[in-house]
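*Asks:* The structure follows.
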Amino acid sequence: MIGPISVRSERLTMTACTPEMMKQVADGTDVFFTNLDIPPTDRWPEKDLREALPFFMDLLNENPENFVWLVWITIHTQKKVAAGGIGFKGAPDENGVVEIGYSIMEEFRNQGLALEAAKAMCTWAFSKKNIKSVIASCNLDNFPSIKVLERLGMTRTHVEDALVWWKLENPS
């Protein structure tokens, strides 16, 4: 079994879901939470991630080694509970670009946790060989996410199909 990989920030721990963990998430078993030493919740994964699980499971089945470029659970370190999810929408492309996505559960919003998690994950991504930039997209009217991406230092690149696209270049 591949062991979990975690990235820590001031208040959060982001843990990559290994292939075995992803199967537990897809099956809806409490074993996933028990192994992370957090209480089970039916609020994680949130709706968007739950709907995208088949997409991520397909990517995982194609290349299990790329699990670090997929789903990560965000845990509030002090409270020891799931606080959201973050991750990437696949392995880096041939240009060294990865797309980040994130969500914070409602009870943890407006505390700066999305920005904290995104900063930590971008730093982690840029520490990997050949990562040139991180991109993201959000709905035109998703003002909280726009605020996070702006504070992260991302630059708007274009608008397409009601989505605003963003890019952050590797600073090194």
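*Asks:* Once the dipole of the chain is set up with Lys and Arg at +1 and Asp and Glu at -1 on Cβ about the Cα centre, which of W166, S137, V7 lies farthest towards its positive end?
*Replies:* Projecting each Cα onto the dipole axis, the largest value belongs to V7.
*Asks:* Another question, then. On average over all directions, what projected area in square nanometres does the chain have, based on the convex hull of its Cα atoms? Please list the in-between numbers first.
*Replies:* Working: hull surface 39.4 nm².
Taking a quarter of the hull surface, the average projection is 9.8 nm².
*Asks:* Now for a different question. Quick one: net charge around K89, please, counting Lys, Arg +1 and Asp, Glu -1 for every other residue with C-beta under 13 Å from its C-beta.
*Replies:* -4
*Asks:* Can you tell me the relative contact order of the chain? Whole percent, Cα pairs under 8 Å, sequence separation 6 or more. Can you show the working numbers first?
*Replies:* Values: 267 pairs, mean separation 30.7, N = 172.
In percent, rounded to a whole number, it is 18.
*Asks:* Here is a further query. Round to a whole number: what % of the accessible area of the range 1-152 belongs to carbon and sulfur, probe 1.4 Å?
*Replies:* Values: 4000 of 8020 Å².
About 50 percent, which is the carbon plus sulfur part of the accessible surface.
*Asks:* Taking the chain as a Gaussian network, where each spring joins two C-alpha atoms under 10 Å apart, which residue of I73, I86, I146 fluctuates the most?
*Replies:* Greatest mean-square fluctuation among the candidates belongs to I146.
*Asks:* If you don't mind, another one. For I135, what is the net charge nearby, where nearby means another residue's Cβ is under 9 Å from its Cβ and Lys, Arg count +1, Asp, Glu -1? Provide the component values of the computation, followed by the final result.
*Replies:* Values: positive: K167; negative: E99.
My count for the surroundings of I135 gives 0.
*Asks:* Give the accessible surface of the chain per residue, rounded to a whole number of Å², with probe radius 1.4 Å and ligands, DNA and RNA excluded. Let's see the in-between values first.
*Replies:* Details: 9400 Å² over 172 residues.
On a per-residue basis, 55 Å².
*Asks:* With springs connecting C-alpha atoms under 10 Å apart, model the chain as a Gaussian network and identify which of C122, C138, C17 has the largest mean-square fluctuation.
*Replies:* Per the Cα network of the chain with a 10 Å cutoff, C138 tops the list.
*Asks:* With +1 assigned to the C-beta of every Lys and Arg and -1 to the C-beta of every Asp and Glu, and no other charges, what is the dipole magnitude of the range 26-123 about the Cα centre in debye, to the nearest 20? Spell out each step's value before the answer.
*Replies:* Numbers: 8 positive and 16 negative charges, 93 e Å.
I would put it at about 440 debye.
*Asks:* Follow-up question, since we're still on this one. Run the numbers for E10 and N110: contour at 0.36 nm per residue of separation, minus the present Cα-Cα distance, in nm. List each step's numbers first, then the result.
*Replies:* Numbers: separation 100, 0.36 × 100 = 36.00 nm, distance 1.60 nm.
Result: 34.4 nm gained on full extension.
The values are calculated or read from the model by the stated rules, or taken from the named source; none is laboratory data. Quantities reported herein were computed from a predicted structural model and do not represent experimental measurements. Counting neighbours? That spans all protein chains shown, and the Cβs are built from the backbone with ideal geometry, glycine included. Ligands, DNA and RNA are stripped out before the accessible areas are found, and what is left, the full protein with its side chains, is counted by its heavy atoms. Shrake-Rupley method; radii C 1.70, N 1.55, O 1.52, S 1.80 Å.
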